[in-house]
């Protein structure tokens with residue numbers, strides 16, 4: 001037999017086999033496909049987060065002046081910060097953080113910048129001294145320093 005006669009029969013058989021698999025496992029395939037679309041959407045949203053309207057703050061080129069003001073007005077813990085501590089501090093302020101844990105296992109976290117209240121909570125968790133003792137006027141001064149333009 002020549003390849004011209006066998007090839008259509010092989011493709012016909014594979015087509016029926018694919019049709020059987022799709023019909024037999026359509027519910028599983030549909031759920032899996034929807035899960036993968038949701039996963040891809042979250043990855044795309046997180047990837048393009050910085051260009052979207054959700055970004056309210058852009059990290060300036062230099063933060064040295066703000067760091068000096070924080071050392072002067074707030075003192076500890078900023079006076080004893082290392083370069084790594086400063087990097088982690090500014091990451092809390094400017095970088096997207098994982099916010100929403102999704103119920104489905106295997107989905108990535110949604111990312112966004114923290115609000116001022118969330119930043120305050122995170123700082124109180126990491127550095128209880130002095131942030132746990134801050135009152136409203138202290139927070140206004142603090143955010144005025146770190147967000148000034």
In this structure, the FRET efficiency calculated for residue 72 and residue 134 from their beta-carbon separation, with R0 = 25 Å, to the nearest 0.05, is 0.95
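Take every Cα-Cα pair in segment 58-138 and report what % of them are more than 14 Å apart.
Here the long-distance tail beyond 14 Å is 69 percent of all Cα pairs in segment 58-138.
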At 37 °C and 0.692 mPa s, grab the translational diffusion coefficient of segment 3-146 from Stokes-Einstein with a Kirkwood Rh over Cα pairs, rounded to a whole number in µm² per second.
-> 167 µm²/s
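Mind giving me the FRET efficiency for residue 84 and residue 122? R0 is 22 Å, r the Cβ-Cβ distance, nearest 0.05 is fine.
Numbers: r = 17 Å, r/R0 = 0.77.
Here the calculated transfer efficiency is 0.85.
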Gyration tensor verdict on segment 1-46 (Cα atoms; rounded if a/c is under 1.5, prolate if a/b is larger than b/c, oblate otherwise) = oblate
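The numbers here are math on the coordinates, done by the rules we state, and not lab data. Remember, it's a predicted structure, so these values are computed and weren't measured experimentally. All Cβ positions, even for glycine, are placed from backbone atoms using ideal geometry, and neighbour counts span all protein chains on display.
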